[in-house]
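Comments concern the structure below.
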Amino acid sequence: MPVTNEMGAAGIQGGALEVVDLSKVFHTRTGAIPAVQGVSFRVAPGEVLAFLGPNGAGKTTTIKMTAGLVLPDAGDVRVGGVSLWARHDAVTAQLGAVLEGSRNLYWRLTVRENLEYWGTMRRLSIRAARQRADELLERVGLADRARNTVQTLSRGMQQKVALCQALMHRPHVLLLDEPTLGLDFESGEGIKRVVRQLAQEGTAVLLTTHQLDVAQELSDRVAMIRSGRLVLEGATADVLARYSQPVATIVAATPWPADMAMRLAGLPAAVTGVDTLSVDLADDRGSTLYQVLARLNPHPLLKIERHQADLAQVFQEVMGDAAGEVGGATPVALSAGSVREGAVTS
Amino acid sequence: MIGLLIAEWRRMVVEAVRYPLDTISGMVTLFMLFVGLFYGARYITQSPVGGGRLDTVVLGYAVWMLMMAATSDMGWQIQNEAQNGTLEQVMLVPWSSRLVFLVRGVMAIAAFLVPCAVIIAGLLAVTHAHFVWTPVALVPMALVLATAWGLGLLVASLGLLIKRVGQMMQIIQFLLLFVIIAPIAVLAGIGWHVVAMLVPLTAQVTLLRDLLNGVSVSHWVWLEALVNFAVTLIAGLALFGGADRLARRRGILGHY
């Protein structure tokens, strides 16, 4: 018997997660703290959006507003076009979440008891919950741990079970707040594998993490937030291309001869070390690198590498830039492709 | 709805059976508290406790235990869930949080019935008292519990906002003891009738006691009990809904 999501049948048949102009100000004794300011993004079915930012940037507040755990001052969250606050129960039934800093599970219950409990609480029949629990445990490789209480599992195993509980009702949207934090390599890989599979199956995944390599590996799109404002959003590949430098580095197997700089005269290349040189490809029409290589011939080479930015570099650069931008007006510098930079407000 | 009931029932029973020491220590504490009070009072006064109506004393204690359980369980659960990091997941299920915690309150009492019966049997054995349960007492007993759940929702509302209900429960347990003893519901005068309708549980307890003692019950007491039940439950549900919204607005649902 296939496991169905009853609330899905009741109206919402999948669709994208849309976060529209969310804002939140927390009022404390020391004054008002604008935690999130006009944040908007969309996660399509089958897409993983990495939502990145430094501590205190507003990631967790945004993800909790998306889950309905924090009430926004303004804005809306929609799944399949249906507003979370207009049809709270129906939309919540399409959301699954693994929240950072929470256990997400009852430690005194066994793995299977937890999954059956959360499945039934999410409107699965007992039989369907049992079947789904077996299926998920098999998938994450914990079938042999089904009868263990959660408190006896390792942190990695607990996180896998937390992920399973969020998936019991086959949500269309999955919210993951630091899912691989503190996990060993193998456990982290296991979580990443499942996230990839879920995206392939059509789940929209909103992922927050400080592990930028994980974000780069998993995400189709990336959004960066700082001081409550979205400062960059775009397809991960476009973002990386946008921040990559038009520079190639050539590494020699042995030190360059003393006259190497002379040999490269007239070309946009410069010796940068005893066995390295860089080639400026900003005005390259396809032949620059070959011209340089012709001058290097027959010196033995080890590798030629074109600069490719990673998310860590992008993050560092964007957060550095944003520090000067977010307090002022709203500079939006659109580059080629679909990358939105500056204080992205819509 | 059935799924929600079953899920909560199974969770509670599994935890109670897997960790029996928690249940047993609670039972022993409640038993010893009564025995201490009973023999202590008899030793000090050198006279029979309850004016010879030991059955009424044991019954009052049993009602107090059930009222305490119904009133405190939801608040304790919210405190524990916030502490253990599961409260936010509970708030993510596609059911109203009011319904979830009300169901938990009902299931907690259902799960407490067996331990409670064992404690009462023990108390009857040591006091040599006995009482006859009449089916007619089921209605006021249900009113007592439903009102206590309403009161429990009031406590749980504060639990959602401040997460620490321990101090509050220490005060409430003595207030509950007071409503069992104070004969407010049978006092004459419109003013007292209004008080009985508004002070939770006073009329319901009087109704239960009078019916079990075979005393004729005035229409006023029935009316007071029903109004009191409705006011407390509606107030509890409304306040819990408001507290839920306020906690989400302040972003403190998961805080402890």
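The values are calculated or read from the model by the stated rules, or taken from the named source; none is laboratory data. Quick caveat, the model's predicted, so the values are computed rather than measured. Cβ sites come from the backbone with ideal geometry, for glycine too, and all protein chains shown count toward neighbours. Surface areas here come from the heavy atoms of the whole protein model, side chains and all, with no ligands, DNA or RNA. Shrake-Rupley method; radii C 1.70, N 1.55, O 1.52, S 1.80 Å.
Structure notes:
- Conditions (1) more than 14 Å from every other protein chain (Cβ to nearest Cβ); (2) open to solvent by 30 Å² or more (accessible area, probe 1.4 Å); (3) under 30 Å from A:R123 (Cα atoms); number of the one not met by B:G36: (3)
- Residue list for segment A:177-221, restricted to those being open to solvent by less than 20 Å² (accessible area, probe 1.4 Å) and within 9 Å of the chain's Cα centre (by Cα): A:V205, A:L206, A:L207, A:T208, A:T209, A:V214, A:A215, A:L218, A:S219
- Helices (runs of 4 or more DSSP H) wholly inside segment B:20-101 that include at least 1 residues being within 18 Å of B:G254 (Cβ to Cβ) and aliphatic (A, V, I, L, M): B:54-84, B:87-90
- Taking the criterion of being part of a loop (DSSP other than H, G, I, E, B) and over 21 Å from A:L95 (Cβ atoms), the residues of segment A:185-215 that qualify are A:H210, A:Q211.
- Where B:G214 falls short, out of the listed (1) over 18 Å from B:A70 (Cα atoms); (2) in a helix (DSSP H, G or I): (2)
A quick yes/no check of all residues on (1) buried (at least 18 other Cβ atoms within 10 Å of the Cβ); (2) more than 14 Å from chain A (Cβ to nearest Cβ); (3) modelled with pLDDT of 90 or more:
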site	(1), (2), (3)
B:A62	yes, yes, no
B:M74	yes, yes, yes
B:N84	no, no, no
B:L99	no, no, yes
B:V118	no, yes, yes
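- Residue ID - surrounded by the most Cβ atoms within 10 Å (Cβ to Cβ), chosen from residues in segment A:275-290 that are modelled with pLDDT under 90 and charged (D, E, K, R): A:D284
- Some residue of segment B:162-171 being within 14 Å of chain A (Cβ to nearest Cβ) and touching a Gly at 6+ places or on another chain (Cβ under 9 Å): no
- Residue, farthest from the other protein chains (Cβ to nearest Cβ), within segment B:224-245, restricted to residues that are more than 20 Å from the chain's Cα centre (by Cα) and loosely packed, with under 15 Cβ neighbours inside 10 Å: B:G242
- Residue in segment A:222-229 that is more than 24 Å from A:V314 (Cβ to Cβ), at pLDDT below 95, open to solvent by 60 Å² or more (accessible area, probe 1.4 Å) and among the basic types (K, R) present: no
- Qualifying residue in segment B:127-136 (condition: outside any loop (DSSP other than H, G, I, E, B), open to solvent by less than 40 Å² (accessible area, probe 1.4 Å), within 14 Å of chain A (Cβ to nearest Cβ) and touching a Phe, Trp or Tyr at 6+ places or on another chain (Cβ under 8 Å)): no
Condition check ((1) under 27 Å from A:T209 (Cβ atoms); (2) at the interface with another protein chain (Cβ under 9 Å from one of its Cβ atoms); (3) buried (at least 24 other Cβ atoms within 10 Å of the Cβ); (4) in contact (Cβ under 8 Å) with a residue 60 or more places away in the chain) across all residues:
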residue	(1), (2), (3), (4)
A:G81	no, no, no, yes
A:H88	no, yes, no, no
A:A93	yes, yes, yes, yes
A:W107	yes, yes, no, no
A:R112	no, no, no, no
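- Meets criteria (within 13 Å of B:R209 (Cα to Cα) and in contact with a helix residue (DSSP H, G or I) (Cβ under 6 Å, 6 or more places away or on another chain)) for B:P183: no
- For segment A:65-74, taking the residues that are open to solvent by less than 40 Å² (accessible area, probe 1.4 Å) and not aliphatic (A, V, I, L, M), the one that is farthest from the other protein chains (Cβ to nearest Cβ) is identified as A:T66.
- Some residue of segment A:120-132 being open to solvent by 60 Å² or more (accessible area, probe 1.4 Å), over 27 Å from B:V103 (Cα atoms) and of a type in the set (S, T, N, Q): no
- In segment B:158-194, the residue that is farthest from B:V57 (Cα to Cα) out of those that are outside any helix (DSSP H, G or I) and open to solvent by 50 Å² or more (accessible area, probe 1.4 Å) is B:R164.
- Within the span defined as segment B:195-207, every residue fails to be within 14 Å of chain A (Cβ to nearest Cβ), open to solvent by 30 Å² or more (accessible area, probe 1.4 Å) and among the aliphatic types (A, V, I, L, M).
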